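Asker: Here it is: the structure, laid out below.
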Amino acid sequence: MAVSIARDGDIALLTVDNPPVNALSHAVRQGLWDAIAAAEADDTVRAVVIRATGRTFPAGADIREFGKPSVDPWLPAVVDRIEGCAKPVVAALHGQILGGGLEVAMGAHVRVCDPGARLGLPEVSLGILPGAGGTQRLPRLIPVDRALDMITTGKPISAAEARALGLVDAVSEPGEAVADAALAHARRLVADGTVPRPTGARPVHPAAPDLFETTRAALARTAKGRLAPLACVDAVEAATRLPLREGLAEERRLFGTLMESDQRAALIHAFLSERQVAKLPELEGVTSRPLERIGIVGGGTMGAGIAAAALLSGLPVHLVERGDDAAARARETVTGMLDGAVKRGKLDAETRAMLLSDAFATGTDYAALGTADLVVEAVFESMDAKREVFAALDAVCKPGAVLATNTSYLDVDALAATVSRPGDVLGLHFFSPAHVMRLLEVVVGRETAPDAVATGFALAKRLGKVAVRAGVCDGFIGNRVLSAYRKALDGAVLAGASPFNVDRALVDFGLAMGPYAVGDLSGLDIAWANRKRLAPTRDPRETYADFSDRLCEAGHLGRKTGRGFYVHGDGKPVPNPEVEAIVAAERAAKGIAPRPVPDAEIVARFVAATVNEGARIVGEGIARRPLDVDVTMLNGYGFPRWRGGPMHHADATGLARILADIERLAGEDAFLWRPAPLLHRLAGEGGRFADLDGG
Ligand code: 3HC
Ligand code: NAI
């Protein structure tokens, strides 16, 4: 039974039981509806408590029902039914009280909350707004500006904050079951004969006159291109203008529009894909190896970031550098990263001190890595350097330790072949800054044992990261797609676009940052070194754009040298005036007469190249499914989440249209614009990438 009814004296105890997160699927909605009706009809019941089993009070509406025809009773009616119950209803809240779950709680007359609970309305991050009264009831419980903030950002708040704001009426004592506290509350109400005022009957808190306009102006900058945040503002504003019923109708209207939007479909695809990504047939029934202590070799940009990420999630780290000075520098970098976490409120000063003294060790002796369950190598991007490190690890690491490389491009199979235990070797490709970026590519070699792969996924989970399985090839999933779209955009620059226009057009499309600006941040020398490595095997048919090489040769490596595509000073980076001249010289040398390249063409090139390479990667089995490409590009490369990732975006655009773009561009450069066989086949069949996602 999704909702069961028990009795405690004259109180009806309704229990929601719909694992894993008690989502408000049809059975739960119907169960709540019937149980409230039964409690109302039963004269011996004087009050009602609603609670949930398992790890949480309902964490929201059932996302998997979105996009399907709705079945009565729908959630707004259930919440109204609870609010309209003639007997006091007390909600006992624990876990993550989110979305529709919080709306149910706000329909109740009293809310009692576990001290560890988190409460929020995250609908905006799914491209919708709270559609069961949340936008109308929250501003009747807490100040309008705070309600607006919670609804437009989707960020949850703690039990203590919810109590201080008035969202909950009481917080249970630590160790006390929240259902017991709620029952006690209900008994008191019955004894006093008090009938608490329903949320909907309360007035909306007054709002500052310019609140909505200021918020809209801020969102125009921070939520560019997204529909839901502005609709959230409209809905909350309606609460301040209209009586409850009319406000609810306006909320419903706005909700319906968003529910129909492509952005909703894209954001739900992103949410579900990030959970699907770890579900791989090869890992079914495979358990991770132990993961209690990790080792890191190399404490530069990446090694230090990985150390910080591990420490921040409570994993002890031993980091080996090649000399005492380098080890001391690595410690300093990690200390700086933890200090940053303290500043951002993610870590308290006491834990910081404890982590640095007890959980973090640095040194130069590989023997100290003998007890590590997993070691990540993050030394220079050179096969010789990595081979040396792996030989040393092979000699000291315990049997079964996972040996991982953080290489960006090098051949994981070739590296694995140099040790006596290739089954323990895999790639763990972190992204910079490693303690911030959510993506981790788990690169599976020919010989990698399934439980070593499972350990890579377990590490990601432990670090709060999203892991994607990738096969071995140059650049794995993400950097391979990046190389492909960089070539396509370099082509646009040779044709006549300025790199700055390319960056701007793609930021307008929704990218977090333009690709040339990203190059400046990472350091232009990284891609330069890679191009030099690949030069001997470069296909003679490739048009090679060398303006980035010219910049590097001039010593302009990006932010670290103060100049790259942009000039980096104290303020916002500005275009480097040398760039246009360098590009113009290359065009002249190649005999290209520049032409204006409209933004739409820049975007079409970017999308076509990204999707085409994604299709090739899926076709080759480097990514198992299109969704793996989407999750990679969303979490590591700033692809706009509200477009769902490149493969979802391609489905929404129509594969035939993308293929037509590629075929047209092939007229300019037939080698660069060869359609991937998978894209060709699906476009011909009228298929979609989503058909290959399974699940
Ligand atoms: N509906 C359906 N399934 C859901 C769900 C939901 N609202 N929330 C989570 N799940 C599923 C996940 O897909 C996953 O399924 P799987 O095991 O098959 O992969 C399982 O529950 C566990 O989820 P997580 O792996 O995410 O578990 P965590 O413990 O890491 O996180 C959570 C739990 C914080 C609740 C997180 O799942 C979450 O943020 N869920 C979404 C919450 C949300 O957005 N709620 C609002 C929904 S929209 C709404 O309510 C509309 C209303 O206003 C009308
Ligand atoms: P880095 O140059 O900042 O750091 C490398 C560190 O390794 C240096 O501190 C060096 O002293 C140390 N080192 C070199 N040889 C060593 C040895 N034998 N034993 C112990 N320490 C040794 O380099 P970065 O950027 O951290 O890159 C490391 C690896 O991570 C490379 O393979 C790179 O391709 C990869 N990577 C880099 C990313 C980036 O954005 N910088 C992103 C993802 C992966």
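The values are calculated or read from the model by the stated rules, or taken from the named source; none is laboratory data. As the structure is a computational prediction, the values presented were derived from the model and not from experiment. All Cβ positions, even for glycine, are placed from backbone atoms using ideal geometry, and neighbour counts span all protein chains on display.
Asker: Can you say whether Ala368 is more than 28 Å from Arg289 (Cα to Cα), surrounded by 13 or more Cβ atoms within 10 Å (Cβ to Cβ) and modelled with pLDDT of 95 or more, as far as the supplied structure shows? Give the steps one after another, and end with the answer.
Answerer: Values: more than 28 Å from Arg289 (Cα to Cα): no; surrounded by 13 or more Cβ atoms within 10 Å (Cβ to Cβ): yes; modelled with pLDDT of 95 or more: yes.
The answer is no for Ala368.
Asker: Can you tell me which condition Thr362 does not meet? The list is (1) within 22 Å of the chain's Cα centre (by Cα); (2) within 14 Å of ligand 2 (Cβ to nearest atom); (3) among the hydroxyl-bearing types (Ser, Thr, Tyr), and all the others hold.
Answerer: If we test Thr362 against (1) within 22 Å of the chain's Cα centre (by Cα); (2) within 14 Å of ligand 2 (Cβ to nearest atom); (3) among the hydroxyl-bearing types (Ser, Thr, Tyr), just (1) comes out false.
Asker: Please name all residue pairs, on different chains or six or more residues apart, with Cβ atoms under 6 Å, provided the first residue is in the range 669-695 and is basic (Lys, Arg) and the second residue is part of a helix (DSSP H, G or I).
Answerer: Arg688/Asp651
Asker: What tally of residues in the range 51-92 results from selecting those that are within 32 Å of the chain's Cα centre (by Cα), over 20 Å from Gln136 (Cβ atoms) and among the hydrophobic types (A, V, I, L, M, F, W, C)?
Answerer: 7
Asker: Assess whether Val611 counts as being surrounded by fewer than 23 Cβ atoms within 10 Å (Cβ to Cβ), outside the structural domain of Asp413 (by TED's automatic domain parsing), among the aliphatic types (A, V, I, L, M) and in contact (Cβ under 8 Å) with a residue 12 or more places away in the chain. Spell out the reasoning first.
Answerer: Working: surrounded by fewer than 23 Cβ atoms within 10 Å (Cβ to Cβ): no; outside the structural domain of Asp413 (by TED's automatic domain parsing): yes; among the aliphatic types (A, V, I, L, M): yes; in contact (Cβ under 8 Å) with a residue 12 or more places away in the chain: yes.
It is false that Val611 is surrounded by fewer than 23 Cβ atoms within 10 Å (Cβ to Cβ), outside the structural domain of Asp413 (by TED's automatic domain parsing), among the aliphatic types (A, V, I, L, M) and in contact (Cβ under 8 Å) with a residue 12 or more places away in the chain.
Asker: Another question, if that's okay. For the list (1) in a loop (DSSP other than H, G, I, E, B); (2) surrounded by 17 or more Cβ atoms within 10 Å (Cβ to Cβ), I need the number of the one condition that Gly621 fails.
Answerer: (2)
Asker: Can I ask one more? Restricting to the range 553-578, count the residues that are in contact with a Gly (Cβ under 6 Å, 6 or more places away or on another chain) and surrounded by 18 or more Cβ atoms within 10 Å (Cβ to Cβ).
Answerer: So the count comes out to 5.
Asker: For residues that are in contact (Cβ under 8 Å) with a residue 60 or more places away in the chain and within 10 Å of ligand 2 (Cβ to nearest atom), tally how many sit in the range 367-382.
Answerer: Residues of the range 367-382 in contact (Cβ under 8 Å) with a residue 60 or more places away in the chain: 368-369, 371-381.
So of that shortlist, the ones also within 10 Å of ligand 2 (Cβ to nearest atom) come out as 376-381.
Final tally of qualifying residues: 6.
Asker: Only one of these is near ligand 1 (Cβ under 9 Å from one of its atoms) and either buried (at least 24 other Cβ atoms within 10 Å of the Cβ) or part of a loop (DSSP other than H, G, I, E, B) (or both): Pro58, Pro76. Name it.
Answerer: Values: Pro76 fails: either buried (at least 24 other Cβ atoms within 10 Å of the Cβ) or part of a loop (DSSP other than H, G, I, E, B) (or both).
Just one listed residue meets the conditions, Pro58.
Asker: Hey, another quick one. Among the residues of the range 628-655, what is the count of those that are in a helix (DSSP H, G or I) and more than 15 Å from Arg605 (Cα to Cα)? If you could, list the steps in order and put the result at the bottom.
Answerer: Pass one, the range 628-655, residues in a helix (DSSP H, G or I): 628-636, 641-643, 646-653, 655.
Imposing the further condition that a residue be more than 15 Å from Arg605 (Cα to Cα) reduces the set to 628-636, 641-643, 648, 651-652.
Residues flagged as in a helix (DSSP H, G or I) and more than 15 Å from Arg605 (Cα to Cα) within the range 628-655 amount to 15.
Asker: Kindly check whether there is at least one residue in the range 65-72 that is crowded, with 24+ Cβ neighbours inside 10 Å and away from ligand 2 (no atom under 16 Å from the Cβ).
Answerer: From the range 65-72, those crowded, with 24+ Cβ neighbours inside 10 Å are none; that's our starting set.
No: the range 65-72 contains no residue that is crowded, with 24+ Cβ neighbours inside 10 Å and away from ligand 2 (no atom under 16 Å from the Cβ).
Asker: Which of (1) within 14 Å of ligand 2 (Cβ to nearest atom); (2) charged (D, E, K, R); (3) at pLDDT 95 or above is the odd one out, the single condition Arg533 does not satisfy?
Answerer: (3)
Asker: Here's a follow-up. Given Leu403, Leu426, Leu439, which one is out of contact with any Asp or Glu (no Cβ under 8 Å at 6 or more places or on another chain) and more than 12 Å from ligand 2 (Cβ to nearest atom)?
Answerer: Values: Leu403 fails: out of contact with any Asp or Glu (no Cβ under 8 Å at 6 or more places or on another chain); Leu439 fails: more than 12 Å from ligand 2 (Cβ to nearest atom).
When all the criteria are applied, what remains is Leu426.
Asker: When the range 414-423 is examined, which residues are found to be within 16 Å of ligand 2 (Cβ to nearest atom) and either under 13 Å from Ala391 (Cβ atoms) or in contact with a Pro (Cβ under 8 Å, 6 or more places away or on another chain) (or both)? Please lay out each step first, then the result.
Answerer: Step one: of the range 414-423, the residues within 16 Å of ligand 2 (Cβ to nearest atom) are 414-416, 418-419.
Correct list: Leu415, Ala416, Thr418, Val419.
Asker: Here is a follow-up. Can Pro316 be described as out of contact with any Leu (no Cβ under 8 Å at 6 or more places or on another chain), modelled with pLDDT of 95 or more, away from ligand 1 (no atom under 16 Å from the Cβ) and closer than 18 Å to Asp373 by Cα?
Answerer: Working: out of contact with any Leu (no Cβ under 8 Å at 6 or more places or on another chain): yes; modelled with pLDDT of 95 or more: yes; away from ligand 1 (no atom under 16 Å from the Cβ): yes; closer than 18 Å to Asp373 by Cα: yes.
So Pro316 passes the test.
Asker: Suppose we filter Ala353, Ala385, Ala434, Ala391 for residues that are without any contact (Cβ under 8 Å) to a residue 12 or more places away in the chain, within 11 Å of ligand 2 (Cβ to nearest atom) and not assigned by TED's automatic domain parsing to the domain that holds Gly621; which single one remains? Quick ask: steps written out before the conclusion?
Answerer: On the way: Ala353 fails: within 11 Å of ligand 2 (Cβ to nearest atom); Ala434 fails: without any contact (Cβ under 8 Å) to a residue 12 or more places away in the chain; Ala391 fails: without any contact (Cβ under 8 Å) to a residue 12 or more places away in the chain.
Exactly one of Ala353, Ala385, Ala434, Ala391 is without any contact (Cβ under 8 Å) to a residue 12 or more places away in the chain, within 11 Å of ligand 2 (Cβ to nearest atom) and not assigned by TED's automatic domain parsing to the domain that holds Gly621, namely Ala385.
Conditions (1) away from ligand 1 (no atom under 16 Å from the Cβ); (2) surrounded by 24 or more Cβ atoms within 10 Å (Cβ to Cβ); (3) closer than 13 Å to Ile296 by Cβ, marked per residue:
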residue	(1), (2), (3)
Leu374	yes, yes, yes
Ala391	yes, no, no
Ala416	yes, no, no
Val419	yes, no, no
Leu426	yes, yes, no
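Asker: Taking Ala52 as the residue in question, decide whether it is in contact with a Ser or Thr (Cβ under 9 Å, 6 or more places away or on another chain), buried (at least 24 other Cβ atoms within 10 Å of the Cβ) and over 29 Å from Ala191 (Cα atoms). Reasoning before the result, please.
Answerer: On the way: in contact with a Ser or Thr (Cβ under 9 Å, 6 or more places away or on another chain): yes; buried (at least 24 other Cβ atoms within 10 Å of the Cβ): yes; over 29 Å from Ala191 (Cα atoms): no.
Taking the combined requirement at face value, the residue does not satisfy it.
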